[in-house]
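Step one of this worksheet: look at the structure below.
What follows draws every value from the coordinates through simple rules; no lab data is involved. Remember, predicted model here, so these are calculated numbers, not experimental data. Neighbour counts are summed over all protein chains in view; Cβ atoms, including those assigned to glycine, are modelled from backbone coordinates with ideal geometry.
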Amino acid sequence: MTLSSLSVQRNKSLYEQTYDALRASILSGELAPGQHLIETQLADKLQVSRTPIREAMRQLQRDTLIIAAAGGGLQVAVVSVEDVGYLYDCRLALEQLAVQGACSHATPVQMDDLHALVVQAESVKSNTHADQYNPQILDLDYHFHRLIAESSGNPWLVSLLDRVFDKMTLLRVQTTRHNPRVLEVQIEHRDIYQAILQSRQSGEVTTVTKAVQAMQSHLAASRERVTREVFKLQ
C-alpha cells in the first residue's frame, strides 16, 4: 500500500489505513530516510484529517520507523553504523536458529518455494543493470529469509525476526538507492538453499552445520557491504 492507495482499503479503520499507508511508504522508500514528515502535507495527500495522521505517527515512533528530528518535528529514521552492528548481531543469532530449524522441519512445498525465490532473484538480478536500483530484489531477499524462519516451525522466531526485518528494510532502502551492489543475494541465497536441501535429504548433522555456516557467511558478507556503504553516507 502506498500513499495514493488509501481510499480503497475501507475494511479497516481510518487509523489502521493511515498507519499501513505510511508504514508501506517508509519501507518502500517513497518516504525516504531522513525526510521530514509534515502532518498537513500527509493529511492532504491521504485525504484524511490530522487526527489519524498523529495516531499513526505515534505508532510509527513506537516502531522506531520515525524519530524526532534535530530541529523539531518528526522524520523518517536513518540507520546509523552502530545500528547496523546491532541489527546484524540480532539477525545472526535468530537466523542461525531459523536455518537449523528449517533443516529439520521444512516441508517439500516450502523447499520448492525457497527454490522458486532463488531462481526468481537470479533472473531479476541478471536482467537488472549492476548500477540500477530494483526494489523487487529487496522484496525477494525479505521473502527468502522469512520463509526460512517460517520453515523452522517456530512462530516466536518469525515474530522476532519480523521486527528486525522492518529496520533492515529501512536500512536496505537507505543503502541500495545509492549503491545497488550492496544487495548481492543470488549466489549466497543459492548456497543457503542447497545446504538446507542437502540436510533435508541426508539428515546428517554435518549438513546442518554446513547450512548454518552458509547463513553465517551470507550475513557476514552482507554486514560488511552494508557497513561500508553506511560509512559513505554519513
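A few comments on the model shown:
- Under the Karplus curve 6.51 cos²θ - 1.76 cosθ + 1.60, θ = phi - 60°, whole-Hz ³J(HN,Hα) for region 107-116, x wherever Gly or Pro sits: 7, x, 5, 5, 5, 4, 5, 4, 4, 4
- Two-decimal log10 I(q)/I(0) for the chain, as the Debye equation yields it once each C-alpha is a single scatterer, q = 0.09, 0.12, 0.14 Å⁻¹: -0.42, -0.72, -0.94
- For region 78-178, the Cα gyration tensor yields ellipsoid semi-axes of 23, 20, 9 Å (square root of five times each eigenvalue, largest first, whole Å).
- Shape of region 3-76, Cα gyration tensor, a/c cut at 1.5: prolate
- Candidates Ser80, Ser123, Ser217, ranked by Gaussian network fluctuation over the chain, Cα under 10 Å, top entry: Ser123
- Prolate is the label for region 115-234. Its Cα gyration tensor axes, ordered a ≥ b ≥ c, give a/c of at least 1.5 and a/b above b/c.
- For the chain, the relative contact order comes to 22 percent (Cα pairs under 8 Å, sequence separation of at least 6).
- Rounded if a/c under 1.5, otherwise prolate or oblate - region 150-201, Cα gyration tensor axes: oblate
- Residues Arg23, Arg181, Arg225 in ascending order of nearby Cβ atoms (within 10 Å, fewest first): Arg181, Arg225, Arg23.
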